[in-house]
1. Quick one: which of THR21, THR7 is modelled with pLDDT of 90 or more and among the polar types (S, T, N, Q)?
2. Name the residues in the stretch 24-49 that are assigned to a loop (DSSP other than H, G, I, E, B) and within 14 Å of LEU97 (Cα to Cα), would you?
3. THR21 - would you say it is buried (at least 22 other Cβ atoms within 10 Å of the Cβ), more than 11 Å from ALA70 (Cβ to Cβ) and β-branched (Val, Ile, Thr)?
Amino acid sequence: MVQSSVTSDVGQILDTMISLTRLVPLQRAIVAGSESGEMYLELRRRGFIRATTPELCPRPRVQYAVGFIADHDSIAGIEPSLDQISAFLAVNAELALLVGSGQNGLKIRRKLEALGFRVEAGVRCSQGLVLSASRHGYEQLALAA
């Protein structure tokens, strides 16, 4: 059986994201972006049964420990995805997102910081750069504002 290059690219990106966020099968994870459907199916195939997408959730609840965003198109695709899943992520959540080579990393970093995330690591892969960010004490920031 021959795998398509799209599936293998998603698999490579997902491997990187899983290792950066240290996702375990019992944790809740949410996936957004233009590649969310493929990533969701791949997570389920790998045994991450608590994975979902915002489209499958009836309403946002702060319960997901890990979020993944993969959008190859542009920063215009990443920002709405960040806004969309931030309501689903817990106050101490981990986030991994794929930043394409043509995207403005500084603008993405500012957006992450506005949502209470701090960039911790970045790993280059075939599709661009996978950033890992964590949100610690976001609840205190929200209360102070």
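The values are calculated or read from the model by the stated rules, or taken from the named source; none is laboratory data. Quick caveat, the model's predicted, so the values are computed rather than measured. Every residue, glycine as well, gets a Cβ built from its backbone with ideal geometry; the counts of neighbours run over all protein chains shown.
1. On the way: THR7 fails: modelled with pLDDT of 90 or more.
Every option except THR21 fails the conditions.
2. Step one: filter the stretch 24-49 for residues assigned to a loop (DSSP other than H, G, I, E, B), giving 24-28, 33-35, 46-49.
Listed by number, the residues that qualify are GLY33, SER34, GLU35.
3. Yes; evaluated as a whole, the condition is true for this residue.
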